[in-house]
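Comments concern the structure below.
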Amino acid sequence: MDNINKIIKTKLQELKSNSGRLFGLTYPYIFILITIIGFLYIFNMNYTARQNVSPPLPDSTKQADLPVIQAKTIAPIDITKIGDPTPDLLAKGKNIFTTVCISCHGEGGKGDGPAGSILNPKPQNFTSKIGWKNGPKLNQIYKTLSDGIPGSGMASYAYLTPEEKFGLAHYIRTTFVQDPPKDSPADLKTLDQLYNLSQGQKIPAQIPVSVAAKFVINENDSLVQNTSRIVSTISSNISNPAVQLFNKVTDSKYKAVVSLERSFGWKQNEQTFVNQIINNVNLNGFNYNVFNLSGNDWDLLHKYCIGVIN
Ligand code: HEC
């Protein structure tokens, strides 16, 4: 036993004084361990990568809600005059071009703006004769601006007024397009009919559907709350003879109250009150006992309902 202890002690001392040897002994184990970790990492790489990469495209199936649009009236356009590139129209067009369009179509209208470089198809080069989908005529550019070019980065600029669209079309044609082709009177007439230009337009206000839904829910909420309040008032006055009468002639107090809340005229006129209840009996929460009411009973019921339903 002592012998073995001695041997171990001397071996350990040897190892301490010769650390290179220690490394030599453990090296194969370290090597195998690192290799195993390496393999594990590679096997999981696919999985890890899938976790990290976000989807390359936005979800195009998601429908955006309607934007808010202020109601506005658009003044009629004189289609016989709008064909002339007046300084006023050109200034308007230039102003919008340099703020809105230049990022894609470029300062020189060559379709080489910084935002356009990643697009496919590329923004139209206005100085070139080729590549136009609609074309460089006034009516064609007007159409492009109104409807956009589907399937491309060219969005619809329908929010611009007709004057602004004509201003842009004139600016593009006079500044960039070589020998811009002229619109025939028939071209302009068709454009007028297509976009109601000479009649002017009334644009109704529009709010997002989600907002509209909230309005409806709130409205219903307050109706429901009001009805519940009225029904509980009625239910808590059992000793009142009018309430006893009301209980006798109704199967559903809630329905009866709602049917009265939602209609008008019965408050001013007892006959209307009677007719309304009798004509819809059973559907409106009232029951056939109403046919046994005397004139005095109707008086009492009418007065009570006027007082409690508001
Ligand atoms: C986000 C980039 C972008 C912006 C901003 C942009 N366009 Fe475009 N535009 C395009 C692309 C892309 C096309 C080419 C569409 C195609 O060839 O299908 C195009 C094409 C056009 C055309 C040619 C249509 C035809 O007949 O082929 C006109 C005219 C035009 N744009 C005008 C404008 C005006 C005016 C503005 C500013 C109000 C504007 N664009 C803003 C990307 C843009």
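Per-structure values
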| read-out | value |
| --- | --- |
| Counted residues, region 71-121 - those being near the ligand (Cβ under 7 Å from one of its atoms) and in contact (Cβ under 8 Å) with a residue 60 or more places away in the chain | 3 |
| Residue ID - farthest from the ligand (Cβ to nearest atom), chosen from residues in region 122-145 that are within 32 Å of the chain's Cα centre (by Cα) and in a helix (DSSP H, G or I) | N139 |
| Unique residue being modelled with pLDDT of 90 or more and touching a strand residue (DSSP E or B) at 6+ places or on another chain (Cβ under 9 Å) when the list is K202, K248, K255, K267 | K255 |
| D78 surrounded by fewer than 12 Cβ atoms within 10 Å (Cβ to Cβ) and either assigned to a helix (DSSP H, G or I) or not assigned by TED's automatic domain parsing to the domain that holds L168 (or both) | no |
| Matching residues in region 160-182 - criterion: being more than 10 Å from the ligand (Cβ to nearest atom), in contact (Cβ under 8 Å) with a residue 24 or more places away in the chain, out of contact with any Gly (no Cβ under 6 Å at 6 or more places or on another chain) and not polar (S, T, N, Q) | P162, E163, F166, P180, P181, K182 |
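Listed here are the residues, each with its yes/no results for (1) in contact with a helix residue (DSSP H, G or I) (Cβ under 8 Å, 6 or more places away or on another chain); (2) within 23 Å of Q201 (Cα to Cα).
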{"site": "I74", "(1), (2)": "yes, yes"}
{"site": "I96", "(1), (2)": "yes, yes"}
{"site": "G111", "(1), (2)": "yes, no"}
{"site": "N120", "(1), (2)": "no, no"}
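The values are calculated or read from the model by the stated rules, or taken from the named source; none is laboratory data. Model, not experiment: these values are computed from the prediction. Backbone-built Cβ (ideal geometry, glycine too); neighbour counts: all protein chains shown.
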